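Have a look at the structure below, then the notes.
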Amino acid sequence: MINNIWEENKRCVQCKNPACQRGCPVSTPMKEVIGLLRENNIKEAGRILFENNPLSVITGLICPHEEFCMGHCILGIKGSPIQTGSIEHYTSDYYLNCVDFKPEINPEKKVGIIGSGPAGLTMAILLARKGYDITIFESHDKIGGVLRYGIPEFRLPKKILDKYHDILLKMGVKIRPNTLVGTVITLDDMFRDGYKAVFVSTGTWKPRKLNIPGESLGNAFYAIDYLRSPDTHNLGDKVAVIGGGNVALDCARTAIRRGAKEVTVYYRKGEDDMPSSKAEINFAKLDGVNFRFYRSPLEIRDSHVKFQKTDSDGPEEVSYDADSVIISISQGPRSLVADSTMGLKLDRLGLVVIDETGRTTKEGVFASGDVVTGAKTVVEAVASTKVAAKYLDEYVTQKYNLQ
């Protein structure tokens, strides 16, 4: 890997106005990073990456680079773009291994963070470095949110999230696992107990239904539930995955790795219309996943799934054998926090309503990430959280006269 990264560093032409940076949602300064690596200053390169994007070691692995930085690299016009993701991950991983974060914590600057997915982790690190007294409320037993419970190990090793757990503790962040805010603890309880602000980053954990017959059968599963604990699911030999996003492909590739003999992804449109990245489609094919396009599900049964063809002039039904079915057509947010909080407005999709600064309709409550936008990329969650962190900091310091 190191040889590949070194060669990629040498290939970079150091553009005067780097298009890769303009194409990145968090404006990652890869030109500067690569320049530092050429000077053998990896620690400074890692520091720059981390301060720009606290999750750079993660986005270096799972970001759709072909849409962002690599997709804008000028070398990609006539040849191969710089493999910026590999450079970002290697450099960031090195930096996290050699730096201690021990800021001075001001107990008066108390902020609660609900959820420890991409947005929650980003907010915790940004505010802790400013001396905030942070408590993360996580509904699962470990931090990471969708990073841990929605992305397979082969794409994102869990040891990286364990490393973030250790970093947070060194930064003085408190973590309350297995705590679902909105059931017993509420936002009002938190403000009563001295929190100056609360950040909501609860993600999207509610599966979207197909609303077809057979969805309640014992061989039908929702993608987000399957990925949370694939070892608890008995899928059988033939698996049908319904959906066309990256989550659907994660399910299909996971099922292959867990012993399914035949896994087929069914999508209602063509391959070019799939919302998943081209790279993930190619990886799925490489893993042996089959694809059937222009198939819209009509009914799930114990041994097969009935579809309607969507590429023919008239209605035509077809059936395909399947021991189990994984439904992956997106997911939405749970409403526990809003249901237990007066004045916190949701839109028609159940997403938290915010303004351009990340403020919600309730005083002192900010939000970003998937609970605001619906399912997006990790780097987009980081970008929106950086904005929210800036204005949350301004709100607390000005309202309570704290520095």
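The values are calculated or read from the model by the stated rules, or taken from the named source; none is laboratory data. Because the structure is predicted, anything quoted here is derived from the model rather than measured. For neighbour counting, all protein chains shown are included, and Cβ atoms are generated from backbone atoms with ideal geometry for every residue, glycine included.
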Item to check | The one condition in (1) buried (at least 18 other Cβ atoms within 10 Å of the Cβ); (2) on the phi > 0 side of the Ramachandran plot that residue 172 fails to fulfil | outcome: (1)
Checklist entry - Does residue 105 meet the test of being in contact with a Gly (Cβ under 7 Å, 6 or more places away or on another chain), surrounded by fewer than 20 Cβ atoms within 10 Å (Cβ to Cβ), in contact (Cβ under 8 Å) with a residue 60 or more places away in the chain and of a type in the set (Val, Ile, Thr)? => result yes
Next on the checklist: Can you find, within the range 173-211, the residue that is farthest from residue 111 (Cα to Cα) among those that are touching a Ser or Thr at 6+ places or on another chain (Cβ under 6 Å) and charged (D, E, K, R)?
Outcome noted: 208
Checklist entry - Restricting attention to the range 201-216, does a residue exist that is in the same structural domain as residue 147 (by TED's automatic domain parsing), buried (at least 20 other Cβ atoms within 10 Å of the Cβ) and part of a helix (DSSP H, G or I)? => result no
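Here's the yes/no breakdown for (1) touching a strand residue (DSSP E or B) at 6+ places or on another chain (Cβ under 9 Å); (2) surrounded by fewer than 23 Cβ atoms within 10 Å (Cβ to Cβ); (3) among the acidic types (Asp, Glu):
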residue	(1), (2), (3)
50	no, yes, no
55	no, no, no
67	no, yes, yes
73	no, no, no
79	no, yes, no
83	no, yes, no
87	no, no, no
92	no, no, no
95	no, yes, no
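Would the range 6-27 turn up any residue that is under 30 Å from residue 393 (Cβ atoms), among the aromatic types (Phe, Trp, Tyr) and either outside the structural domain of residue 156 (by TED's automatic domain parsing) or assigned to a helix (DSSP H, G or I) (or both)?
So far as the range 6-27 goes, no, none of its residues is under 30 Å from residue 393 (Cβ atoms), among the aromatic types (Phe, Trp, Tyr) and either outside the structural domain of residue 156 (by TED's automatic domain parsing) or assigned to a helix (DSSP H, G or I) (or both).
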Checklist outcome for this item: Checked the range 126-171 for anything of a type in the set (A, V, I, L, M), in contact (Cβ under 8 Å) with a residue 40 or more places away in the chain and closer than 20 Å to residue 63 by Cα; matches are 146, 147, 151, 156, 160
Next on the checklist: Just to be sure before I move on: is residue 231 of a type outside the set (S, T, N, Q), over 22 Å from residue 210 (Cα atoms) and more than 24 Å from the chain's Cα centre (by Cα) in the structure I sent?
Outcome noted: no
Checklist entry - What single numbered condition from (1) among the hydrophobic types (A, V, I, L, M, F, W, C); (2) over 14 Å from residue 373 (Cβ atoms); (3) without any contact (Cβ under 8 Å) to a residue 40 or more places away in the chain fails to hold for residue 325? => result (3)
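Looking only at the range 127-136, decide whether some residue is under 22 Å from the mean Cα position of the chain (by Cα) and assigned to a helix (DSSP H, G or I).
yes
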Item to check | Residue selected from the range 361-403 under the condition within 16 Å of residue 334 (Cβ to Cβ) and in contact (Cβ under 8 Å) with a residue 40 or more places away in the chain, by the criterion surrounded by the most Cβ atoms within 10 Å (Cβ to Cβ) | outcome: 369
Next on the checklist: Go through the range 32-78 and report how many residues are within 25 Å of the chain's Cα centre (by Cα) and in a helix (DSSP H, G or I).
Outcome noted: 20
